[in-house]
Amino acid sequence: MTQAIDIFLQEIADIFAFTRKDALEMIVAFHEEMENGLKGKRSSLKMLPSFTRRPKGNEKGNVLAIDLGGTNMRVLAVRLLGNGKVETIGVKRFSLEKDIVSKTEDVFFDFIADCVSVFLKEHDLDFSCEVGFTFSFPVVQTSISSGILVSWTKGFTVEGVEGHDVVGLLSKAFKRKGLESLKLVALVNDTVGTLVTKSYANPLCDLGVILGTGTNAAYPERIDRIKKYKGPWDSDEMIINIEWGGFDRIKRTIYDEKLDRDSENPGNQRMEKMVSGRYLGEIARLIIKEAFNKGFFGAKAIKDYFSKPYSLTTEKLSLLASDGDTINASGTESISYEDIWAIKEIGRTVSKRAARIAATAIASVVTHMDRNLASEHIIAVDGSLFEKYRGFREHMEIMLEEIFQDSKDKIQLSLTHDGSGIGAAIIAASLSFR
Ligand code: ADP
Ligand code: MG
């Protein structure tokens, strides 16, 4: 049996391989999709104008930020010191339970407003200040302080939000909860926030990337290249939210196809479903299930443990990879060392491909901005997948080296904490500062 599972694992490794050739082909396709998106032509990359540019580093003030991620929501109060430095006055995390993210619009936004109230009380703050709202979903903005949700991603299904202005909905909730003194001045995507936070401190930063529940990125684009934007703008650059999770020109396996078919948003977010934290555990689970059905695993406990969709989280997979956890199967039957080894191997295969695709997406955007890598590029990366998944970052570095060889050092990945929240605060402050 050992041999048979080895052959199965090798087949899995083969179909999940993402080679240098695949990467170079993906870069060409990615450039085409970026160009088309910027022109307003059909593209799997939405290339959304953010109505903001990079900060100068001298912006000052006290501001509040609300950071709505995929798994958590955070409220932050920060002080910008004006020399590229940010002081956090307070921060509180609230978890977004399933029963909140699947309710109706009023329940959802009341929840957010309540969290802000709790935060202000706890920190004894009642300043009527500017608020930046980081909303990490695809939004079509018409100004810095308004934007319409295109479609929910990452498992959210709150009714009455798609097609509506999320700032308007949150403002109404603020009114209902007596928080009308807070001024919602900036609607920011988490990728934009991450880029802005790092570039506030370091002007060499020109890409913000999220590798968390979902995946996406934002970069500063020359205004003359944003062909679809005809409105007024007071700078030569505007940050573009790529929405790269939607990129769909990558070959998929039968496991990716199954995951997609059974998801809340079939056909959408194809790259995200191959790369991000919400999905890696599930891809691994589908492979484990297949291996079990083929009779490769000894213990029936494995079937029970992995039978429910999304029961294997990416966090769990990561803990297994770093030997920080074992599978706590119910019942008396224990899972053999060999079986656990095979499960870990599946996790390695799935996460390695994810990291290589993510690195290739970074390489695509960098070469769109700077074809021959003439300058240095600091890439701000936020998200638990990048930060905590053992080997993820290393696999990304290896892929970048395969792509760029000797020039690889021109690209530096830099973990950026809380960028998604602090960036919104920086943008909010810069609006009152200008
Ligand atoms: P968000 O995307 O909501 O801002 P995070 O950046 O924390 O939040 O990403 C959450 C995702 O990261 C989840 O999908 C979770 O499974 C995954 N995750 C959490 N902890 C770990 C870990 N230790 N290793 C790998 N992935 C993790
Ligand atoms: Mg986040």
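Straight-distance candidates among the lysines for linking to K198, with alpha-carbon spacing under 24 Å and chain neighbours fewer than 8 residues away dropped: K46, K56, K60, K85, K92, K388, K408, K410. Here is the list for segment 176-241: trypsin sites (Lys or Arg not before Pro) lying in DSSP coil, each with at most 10 other C-beta atoms within 10 angstrom of its C-beta, are K230. Is segment 320-431 best put as rounded, prolate or oblate by its Cα gyration tensor, with a ≥ b ≥ c the root eigenvalues, rounded for a/c under 1.5, and otherwise prolate when a/b is larger than b/c, oblate when not? Since a/c reaches 1.5 but b/c is at least a/b, the shape of segment 320-431 is classed as oblate.
Computed over every Cα-Cα pair of the chain and binned at 10 Å starting from 0, the pair-distance distribution P(r) comes out as 4, 22, 30, 25, 13, 5, 1 percent.
Shown here: segment 115-162, whose C-alpha atoms stretch 36, 26, 16 Å along the first, second and third principal axes, sorted largest to smallest. Its residue count N fixes a reference of 2.2 N^0.38 Å for segment 268-377, and the Cα radius of gyration divided by that reference is 1.33. Dividing the mean sequence gap of close Cα pairs (under 8 Å, 6+ apart) by how many residues segment 128-191 holds gives a relative contact order of 49 percent. Here is the list for segment 143-214: GluC sites (Glu not before Pro) lying in DSSP coil, each with at most 16 other C-beta atoms within 10 angstrom of its C-beta, are E180. Highest mean packing first, where packing is the average number of other Cβ atoms within 10 Å per residue, the peptides 45-51, 199-205 line up as 45-51, 199-205. Rg and Dmax of segment 141-267, both derived from C-alpha coordinates alone, stand at 17.4, 52 Å.
Normalised by the number of residues in the chain, the mean separation of alpha-carbon contacts (under 8 Å, six or more apart) gives a relative contact order of 22 percent. With the alpha-carbon atoms of segment 1-80 aligned to their principal axes, the span from lowest to highest coordinate is 64, 37, 22 Å, starting with the largest.
The peptide list 6-19, 310-323, put in order of mean Cβ contacts within 10 Å with the highest first, becomes 310-323, 6-19. Counting beta carbons within 10 Å around each of W341, W233 and listing the fewest first gives the order W341, W233.
Residues whose amide H comes within less than 5 Å of that of V188, counting only those at least five positions distant or on another chain, are F133, T134, F135 (H built at 1.01 Å from N in the peptide plane). For segment 264-325, a/c is not less than 1.5, where a ≥ b ≥ c are the root eigenvalues of the C-alpha gyration tensor, and a/b does not top b/c. That puts it in the oblate class. Counting only lysines at least 8 places from K177 when in the same chain, those with an alpha carbon closer than 17 Å to its own are K121. Peptides 267-273, 207-213, 102-108 ordered by packing proxy, namely the average of other Cβ atoms within 10 Å per residue, highest first: 207-213, 267-273, 102-108.
Here, each number is a calculation from the coordinates, and none is a lab measurement. All values reported here derive from a predicted model rather than from experimental measurement. FYI the Cβ positions are ideal-geometry reconstructions off the backbone, even for glycines, and counts take in every protein chain you see.
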